[in-house]
Every structure is written in structure tokens, then in C-alpha cells.
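The values are calculated or read from the model by the stated rules, or taken from the named source; none is laboratory data. Bear in mind the structure is a predicted one, so any value in this text is a computation, not a measurement. Heads up, the Cβs are rebuilt from the backbone with ideal geometry, glycines too, and the neighbour counts pull from every protein chain shown.
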């Protein structure tokens with residue numbers, strides 16, 4: 001595919017803070033401080049919940065006056081992460097964008113519960129199904145950005 005360098009090995013973490021929450025800034029700046037002044041690049045993948053532009057302003061505003069050691073980008077997933085899971089598992093694109101949990105439940109013949117199935121079902125995703133999705137392409141571009149020199 002050649003979309004992302006095979007050697008890229010970003011650290012993936014879930015920061016328990018809402019997208020519009022000052023705790024997000026504190027947690028990221030703490031990570032930057034722990035890196036002893038090294039430049040820190042951060043990609044936030046955020047559910048749009050039906051408003052694709054909202055995550056950008058909600059997250060990036062916390063880093064407008066951050067120290068230069070932090071660079072941040074945002075990927076807005078429309079409407080939720082489950083849409084990528086649904087499309088990646090072969091679900092109907094339109095249905096996955098409107099009601100991903102419902103389509104996932106039909107695909108897997110069991111009621112979808114994110115905490116229970118998200119990680120397990122993600123292992124079955126066919127990335128090629130997601131390559132034409134604009135938000136997923138944005139995610140791949142951000143992964144490429146992570147591999148570039150600061």
C-alpha cells in the first residue's frame with residue numbers, strides 16, 4: 001500500500017479526558033515535560049457526533065499557546081469510531097455512517113457493545129475498505145506526519 005511507513009510505531013494512548021476539557025491540555029503537557037524537552041507530536045482521533053468541524057476547535061484551542069515542544073493535529077471521525085469499524089468489517093458505508101452500532105449488530109448477529117467488542121472486532125478490519133473514506137485518509141496523513149522530523 002505504501003500509505004504509512006512500516007517502521008512507524010507510534011505510542012497509542014487513551015487520555016481519559018473529554019475533547020473540550022482542560023485536563024486534556026494538562027495531560028499532554030505532562031507527557032511533553034516527561035520527554036525532557038523533546039518535541040512531542042500528538043494526533044487526537046475524536047468522534048464528531050454529527051458535527052465534523054467541532055473536534056478541531058474543541059481540541060486545538062487547548063494548545064494554541066502551548067509550549068513549542070507540542071504539535072497537535074486532530075482527526076474527526078464521522079460520526080463515531082464505530083463507523084470505521086463497521087465499514088472495515090464490510091458494512092454498508094451509508095448505514096455505517098448513520099447508525100454504525102445497528103449495522104455492526106446485524107453484521108455480527110449480536111448486540112454491539114463498544115467496551116466489549118471494539119478491540120476484538122477491530123482485528124478483523126479490512127483496511128482497504130476504509131481507504132476511500134475522507135476521515136480515515138486524514139488519519140493516515142496524520143500518521144505520516146508523526147513519522148516526519150519535528
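Going residue by residue through the range 110-119, is there one that turns out to be assigned to a helix (DSSP H, G or I), modelled with pLDDT under 95, closer than 22 Å to residue 146 by Cβ and not assigned by TED's automatic domain parsing to the domain that holds residue 25?
Yes, that holds for at least one residue.
Just the residues that are assigned to a helix (DSSP H, G or I), within 14 Å of the chain's Cα centre (by Cα) and crowded, with 17+ Cβ neighbours inside 10 Å, please, taken from the range 126-137.
135, 136
Go through the range 138-150 and report how many residues are outside any helix (DSSP H, G or I) and either under 14 Å from the mean Cα position of the chain (by Cα) or touching a residue at least 40 places away in the same chain (Cβ under 8 Å) (or both).
Count: 1.
All but one of (1) modelled with pLDDT under 90; (2) surrounded by fewer than 19 Cβ atoms within 10 Å (Cβ to Cβ); (3) under 14 Å from the mean Cα position of the chain (by Cα); (4) closer than 22 Å to residue 131 by Cα hold for residue 13, so report the exception by its number.
For residue 13, the failing item is (4).
Inspect all residues belonging to the range 51-64 and state whether any of them is in a helix (DSSP H, G or I), modelled with pLDDT of 90 or more and in contact with a helix residue (DSSP H, G or I) (Cβ under 6 Å, 6 or more places away or on another chain).
The answer is no; no qualifying residue exists.
Would you mind stating whether residue 72 is surrounded by 18 or more Cβ atoms within 10 Å (Cβ to Cβ) and free of Cβ contacts under 8 Å to residues at least 40 places away in the same chain?
no
So which residues in the range 21-64 are on the phi > 0 side of the Ramachandran plot and over 15 Å from the mean Cα position of the chain (by Cα), if there are any at all?
Within the range 21-64, 36, 37, 50 qualify.
Could you pull out the residue among 40, 60, 107 that is surrounded by 13 or more Cβ atoms within 10 Å (Cβ to Cβ), without any contact (Cβ under 8 Å) to a residue 60 or more places away in the chain and not assigned by TED's automatic domain parsing to the domain that holds residue 22?
107
Can you confirm whether residue 50 is over 23 Å from residue 11 (Cβ atoms), buried (at least 17 other Cβ atoms within 10 Å of the Cβ) and out of contact with any strand residue (DSSP E or B) (no Cβ under 9 Å at 6 or more places or on another chain)?
So residue 50 does not fit the description; no.
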